[in-house]
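Some notes on the structure that comes next.
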DNA sequence: ACTATTTCCTGGATGC
DNA sequence: TGCATCCAGGAAATAG
C-alpha cells in the first residue's frame with residue numbers, strides 16, 4: 001500500500017531510470033477503471049514526449065513531459081499570428097502524466113521481451129528500447145494527464161508545511177484525528193500505516209476528535225509525522241504485502257513499526273497489548289496506555 | 001461546509 | 001483439496 005515514503009522511493013528510482021527517455025508510443029488496456037480520461041486522450045498527450053522529470057506529489061507520481069515534435073516544425077510566433085485559424089493544431093510543449101498507484105499499482109521498466117504481467121493496463125514504448133508498464137491487479141490506481149502541465153494535488157506536503165499551518169489544519173474538526181491525518185485535502189501523502197505510527201509517537205489516540213487535541217500535542221504530532229516519514233524514506237518505505245521499489249527491492253521501515261500490524265503484541269514502551277480498532281473502515285492500531 | 005458511509009477491486013488467508 | 005467467505009484500504013461517490 002504505497003504511501004508517501006513508498007511513492008517517494010519509487011519516484012526517485014524511476015527518475016534515475018527514465019529521465020531523458022522519450023515516450024514513442026502508448027498502449028492502454030480495455031479496463032476503464034484505471035483511466036481518468038479516455039485512452040485516446042491519454043495516449044495523445046504522452047506520445048512523442050521526453051520525460052523531463054519524475055517526482056512525487058502526495059501519493060501521486062508526476063512525470064513532467066516535453067514534446068519532442070518529431071517530423072513537424074512548430075510554427076514561428078509570426079506564422080502563428082498570421083494563421084490564427086490553425087491555432088487548435090498547435091501542440092502544447094509541456095504536459096504531465098500523473099500516476100496514482102492505489103493499493104497494488106506498480107510501474108516497471110523492462111525489456112519488451114519480458115512477459116506481460118496479468119493486470120497490465122498501460123505500456124509505454126521508450127526510445128531507449130525499454131518499456132514502462134503500469135500493472136495493477138486491484139485497479140484502485142489511476143492514470144491521468146494534464147495536457148498543460150499544471151497538475152496540482154490537493155492538500156499540503158507534510159514535509160514542507162510549517163507548524164502554524166499544520167495546527168490550523170485540525171482546528172474545529174470533529175472528525176477523529178486519524179481521519180484528519182488520512183484526509184488528502186488537508187495533508188497529502190499520509191496513509192494508514194504512517195498515520196498510526198505518527199499518532200503513537202505523539203501519544204494521541206486515533207479516535208480522539210481532532211479539535212480536542214491540544215496545541216502542545218499537535219506540536220508533537222507535527223514532529224512525529226515528519227520523523228516517521230523521513231525515517232521511512234531513508235529506509236526505502238515499508239514492505240507490507242508485496243511492495244517493492246522501482247528496482248524490485250524491498251523497503252525496511254516495516255521493521256520499525258511500533259503499532260501498525262502489531263495487534264495484541266506488547267507495546268515496545270510499556271508492554272501493554274496493542275489494540276486494534278476500526279475507524280472509517282480502516283484498521284487502526286494504538287497503545288491504550290501510551291496514547292490518550 | 002463537514003462528516004460518515006458505501007463502493008469499487010482481486011488475491012491471499014482462513015474455515016469447514 | 002475444494003469452495004465460500006472475509007479482509008486489506010485510497011479515494012470518489014453518496015447520503016445525511
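Things worth noting here:
- Only Cα sites of chain A enter the Debye sum here, all with the same form factor; the resulting log10 I(q)/I(0) across q = 0.13, 0.14 1/Å is -0.91, -1.01, listed in q order.
- Per-peptide packing, taken as the mean over residues of other Cβ atoms within 10 Å, places A:48-59, A:105-116 in the sequence A:48-59, A:105-116 from highest down.
- Förster radius 25 Å - calculated FRET efficiency between residue A:249 and residue A:27 (Cβ-Cβ, nearest 0.05): 0.40
- Nearest-0.05 FRET efficiency for residue A:240 and residue A:118, computed from C-beta distance (R0 25 Å): 0.70
- Rounded tilt (10° steps) of A:4-18 against the dominant C-alpha axis of chain A: 30
- Estimated inter-spin distance, residue A:160 and residue A:36, nm [label 7 Å along Cα→Cβ]: 1.7
- The Kirkwood radius of segment A:163-286, taken over pairs of alpha-carbon atoms, gives through the Stokes-Einstein law at 37 °C and 0.692 mPa s a diffusion coefficient of 220 µm² s⁻¹.
- In this calculation the C-beta distance from residue A:66 to residue A:231 is compared with R0 = 35 Å, giving a FRET efficiency of 0.50.
- Mean separation of Cα contacts under 8 Å, 6 or more apart, over the residue count of chain A: relative contact order %: 18
- For the pair segment A:263-289 / segment A:88-138, the C-alpha centres are spaced 39 Å from each other.
- Packing here is the average count of other Cβ atoms within 10 Å per residue, and on that basis the peptides A:188-195, A:270-277, A:135-142, highest first, run A:188-195, A:135-142, A:270-277.
- Whole-Å distance, taken between Cα centres, linking segment A:1-69 and segment A:167-198: 27
- GNM result for chain A, Cα springs below 10 Å: residue of A:125, A:94, A:31 fluctuating most strongly: A:31
- In plain terms, the residue of A:97, A:27 with the fewest other Cβ atoms within 10 Å comes first and the most crowded comes last, giving A:27, A:97.
- Sorted on the mean count of surrounding Cβ atoms within 10 Å across their residues, most packed first, peptides A:17-23, A:4-10 read A:4-10, A:17-23.
- Relative to the longest principal axis of the Cα atoms of chain A, the long axis of helix A:215-234 makes an angle of roughly 50 degrees.
- Of all DSSP bridge pairs formed entirely within segment A:151-292, close to 90 percent run antiparallel.
- The angle separating the long axis of helix A:192-202 from the principal Cα axis of greatest extent in chain A is about 40 degrees.
- Mean residue ellipticity at 222 nm, helices only, chain A: -7500 deg cm²/dmol; runs of at least 4 DSSP H residues each add -39,500 (n - 2.57), and the sum is divided by the number of residues.
Computed from the coordinates by the stated procedures, all read-outs in this text should not be read as laboratory data. These figures come from a predicted structure and were not determined experimentally. Heads up, the Cβs are rebuilt from the backbone with ideal geometry, glycines too, and the neighbour counts pull from every protein chain shown.
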